[in-house]
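In what follows, a single structure is set out as structure tokens and then discussed.
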Amino acid sequence: MDPTDHKYFGIIDYVIFALLLVASMSIGLYYAFTGGRQRTTQEFLMADRNMKCLPLSLSLMATFQSAVAIIGTPAEIYANGTQYWFIGCSYILGLLIPAHIFIPLLYRLHLNSAYQYLELRFSKAVRVCGTVTFIFQMVIYMGIGIYTPALALNAVTGFHLWGTVLATGLVCTLYTALGGLKAVVWTDVFQTVVMFIGQLAVIIVGVQQAGGVSDVWVKVRDGGRISGIDFNPDPTVRHTFWTLGVGGVFLMLSLYGVNQAQVQRYLSSRTEKEAVMSCYMVFPCLQVALTLSCLMGLVMYACYDDESKPHVKSKDQMVLYFVMDMLQKFPGLPGLFVACLFSASLSTISSAFNSLATVTMVDLIKPHYSMTEAKATLVSKILALSYGIICLAMAYAVHMMNSSVLQAALSIFGMVGGPLLGLFCLGIFFPCANSIGAITGLAAGLVMAFWIGIGGFLTRMSIPVEGHLLNSTNTGLGVYENITITSATATIDSAQDQSSGPLGLHGLYSLSYMWYSALNSSVVILIGLIFSFMTGPTKVDDVTAGTVYPVVANTKLFLLKLLKPSACCRSTPERKVDGLEEVNGNVKEESGTTEVRQTFLPSHPTSYVEHETSV
């Protein structure tokens, strides 16, 4: 089977793909000309803080369920089996911790940008450093997120590369700039439904082509694609229970805990309770998305046994080659899957546009320039439009790179998230940390991230390779890891399982990419604490109220409820719990009842945004 033998779209396929773009644009136009018509920054950037939990949860899922994930996860399962499926275990803590720590703390501060927290907790310099780091992260990802599926589509179907890039980029830019966050969220909902329908349709038809469910099961079982739980503690093995289930928690926290694209959705909720519920509801959405992608990979393997395996040049081509080759005789189905693929791309890119416009306006422009609300809204729309143009320019820059550099750039997205997570954790959990420690820790974390990431990439590039399929994976949330090509008889993983293992710097460079966020965030916290103590730790009384999570108080409260649950239910208090009151997280007993209440802020809804100062 020659992947250069392009399969072409029929009229129905083109119609379905065009309907996706038209529907997405229509949603943006609807919110541009209804309601408040996006005349204020609160409506344009924060959806008037009036969003409900169901659309928010689907939008939260769609933001990082990118086209890269839809292409990469089935290819990973096809090549290496179902071990990657265990990343679903990390979703539990990866969503519970944001729901109970990050969301309440950030929501009660009445912020517009996650990085306003860094100024409240540390200083304006830390806030600017965090904002610039986030912008760097998302600008790189924007171009790649739109270029990768277009490149794959062009390679397999002959679909015009730059026509696809321009159509997707312009539609996404227009509805984001016109409709604001409301348009982004509701198009995410529509595009999520399209994603699920497209994947499900391909799986159903693929199972029929493979001979039925029982035949699929026999083929993937006999082919060794059903993986058991691997408890190997070696951190250099790319996929084990520990790398996926534990290392994945830190990756999830960097995405769903402190990333502006997600935090902005939490802050747009009507109430804190709905923000928390939206985070809870992401869990089943992510599990469904992961399951569909993994099932697609198994169906692909059942359809292509070892003798009929397609000799594709790139992992990016595998899924689309399967769709176009096996499902060509079903009119409209290839177009439906391509609509599914580009729905994922649109949802990710539009979220990036909106979050970048928000942080640029709130963190970099508004503190330094006073302007009317109408002018601020206009500037926000221009920013969203400008980032759309930058996205297209970035896609062209990616086009000028070779595929290895493309994959390295995708890994950068994962590497930057870890230091940002460490920066927020330093402020939230360590009252003694100061701004010098925060900036130094962030710098050290970024240096460590790029040192290991680039060093590991160059090390793997220097290893001789042979084989047919590029053994690569992604986080399931839009991050690829460049892994060496493997053959059926020799793989990197088996080499690393030997007793000797990689040593020295080679061992560090061989670290599984799933540990990047954990390592880099730990470096930020460790270096940040060291420099904070060297330069004089922050006094507890000097920390802004509501910016530190009361770990000790909440631990005591939890133990009290766990050991003596009846003590929290009596109508008349018989005892007082000592040591539950902290400066930045008061846990008080109200008079006349023993109901314990946790508060981060004073009861009055003061917005700390109003107290921002310029340099």
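The values are calculated or read from the model by the stated rules, or taken from the named source; none is laboratory data. These numbers were taken from a predicted model, which means no experiment stands behind them. Neighbour counts run over all protein chains shown; Cβ positions are idealised from the backbone, glycine included. The area values use the complete protein model at the heavy-atom level, side chains included, leaving out ligands, DNA and RNA. Shrake-Rupley method; radii C 1.70, N 1.55, O 1.52, S 1.80 Å.
Before we move on, is Val126 surrounded by fewer than 24 Cβ atoms within 10 Å (Cβ to Cβ) and in a helix (DSSP H, G or I)? In short, no. Every listed requirement among (1) out of contact with any Gly (no Cβ under 9 Å at 6 or more places or on another chain); (2) at pLDDT below 85; (3) buried (at least 21 other Cβ atoms within 10 Å of the Cβ) is met by Ala155 save one, (3). Confirm whether Gly206 is open to solvent by less than 10 Å² (accessible area, probe 1.4 Å), small (Gly, Ala, Ser), within 30 Å of Val263 (Cα to Cα) and in contact (Cβ under 8 Å) with a residue 40 or more places away in the chain. Judged against the criteria, Gly206 is not a match.
For first residues located in the stretch 550-565 and at pLDDT below 75, partners that are open to solvent by 70 Å² or more (accessible area, probe 1.4 Å) and assigned to a loop (DSSP other than H, G, I, E, B) and lie 6+ apart or on another chain with Cβ distances below 7 Å do not occur.
Is the stretch 188-197 home to any residue that is touching a helix residue (DSSP H, G or I) at 6+ places or on another chain (Cβ under 9 Å), open to solvent by less than 20 Å² (accessible area, probe 1.4 Å) and farther than 26 Å from Val282 by Cα? Scanning the stretch 188-197, I find no residue that is touching a helix residue (DSSP H, G or I) at 6+ places or on another chain (Cβ under 9 Å), open to solvent by less than 20 Å² (accessible area, probe 1.4 Å) and farther than 26 Å from Val282 by Cα, so the answer is no. Among the conditions (1) touching a strand residue (DSSP E or B) at 6+ places or on another chain (Cβ under 7 Å); (2) among the aliphatic types (A, V, I, L, M); (3) part of a loop (DSSP other than H, G, I, E, B), the only one that Val185 does not satisfy is (3).
Which ones in the stretch 328-361 are of a type in the set (S, T, N, Q) and surrounded by fewer than 20 Cβ atoms within 10 Å (Cβ to Cβ)? Gln328 - this is the single residue of the stretch 328-361 that is of a type in the set (S, T, N, Q) and surrounded by fewer than 20 Cβ atoms within 10 Å (Cβ to Cβ). No other residue among Thr173, Thr148 is part of a helix (DSSP H, G or I), in contact with a Leu (Cβ under 7 Å, 6 or more places away or on another chain), of a type in the set (S, T, N, Q) and crowded, with 20+ Cβ neighbours inside 10 Å apart from Thr173.
Listed here are the residues, each with its yes/no results for (1) open to solvent by less than 10 Å² (accessible area, probe 1.4 Å); (2) at pLDDT 85 or above; (3) within 23 Å of Ile454 (Cβ to Cβ).
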| site | (1), (2), (3) |
| --- | --- |
| Asp363 | yes, yes, no |
| Lys375 | no, yes, no |
| Val398 | yes, no, yes |
| Ala433 | yes, yes, no |
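Among the conditions (1) farther than 20 Å from Ser254 by Cβ; (2) surrounded by fewer than 22 Cβ atoms within 10 Å (Cβ to Cβ), Ile92 misses just one, which is (1). Given the criteria outside any helix (DSSP H, G or I), without any contact (Cβ under 8 Å) to a residue 24 or more places away in the chain, surrounded by fewer than 22 Cβ atoms within 10 Å (Cβ to Cβ) and not aromatic (Phe, Trp, Tyr), does Gly163 qualify? It is false that Gly163 is outside any helix (DSSP H, G or I), without any contact (Cβ under 8 Å) to a residue 24 or more places away in the chain, surrounded by fewer than 22 Cβ atoms within 10 Å (Cβ to Cβ) and not aromatic (Phe, Trp, Tyr). For the stretch 217-241, residues that are within 16 Å of Ile87 (Cα to Cα) and among the hydrophobic types (A, V, I, L, M, F, W, C) total 5. Within the option set Leu120, Leu56, being touching a strand residue (DSSP E or B) at 6+ places or on another chain (Cβ under 9 Å) and in a helix (DSSP H, G or I) holds for one residue only, Leu56.
Only one residue in Val288, Val282 is in a helix (DSSP H, G or I), among the β-branched types (Val, Ile, Thr) and crowded, with 19+ Cβ neighbours inside 10 Å, so which one is that? When all the criteria are applied, what remains is Val282.
Screening Thr243, Thr236 for residues that are in contact (Cβ under 8 Å) with a residue 12 or more places away in the chain and not in a helix (DSSP H, G or I) leaves exactly one candidate, Thr236. Among residues of the stretch 512-535 that are within 18 Å of Met252 (Cα to Cα), those with a Cβ under 6 angstrom from a residue that is of a type in the set (Val, Ile, Thr), sequence gap 6+ or separate chain, pair up as Ser512/Thr243; Met514/Thr243.
Yes or no, residue by residue, for (1) open to solvent by less than 40 Å² (accessible area, probe 1.4 Å); (2) at pLDDT 50 or above; (3) of a type in the set (A, V, I, L, M):
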residue	(1), (2), (3)
Ile485	no, no, yes
Thr489	no, no, no
Ala495	no, no, yes
Leu503	no, yes, yes
His506	no, yes, no
Tyr513	yes, yes, no
Ser517	yes, yes, no
Asn520	yes, yes, no
Gly528	yes, yes, no
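Considering only residues that are farther than 24 Å from Val220 by Cβ and either outside any helix (DSSP H, G or I) or touching a Pro at 6+ places or on another chain (Cβ under 7 Å) (or both), which ones fall in the stretch 70-114?
Result: Leu109, His110, Leu111, Asn112, Ser113, Ala114.
Residues in the stretch 255-271: is at least one among the charged types (D, E, K, R), more than 20 Å from Val193 (Cβ to Cβ), more than 13 Å from the chain's Cα centre (by Cα) and part of a helix (DSSP H, G or I)?
No, there is no match, as no residue in the stretch 255-271 is among the charged types (D, E, K, R), more than 20 Å from Val193 (Cβ to Cβ), more than 13 Å from the chain's Cα centre (by Cα) and part of a helix (DSSP H, G or I).
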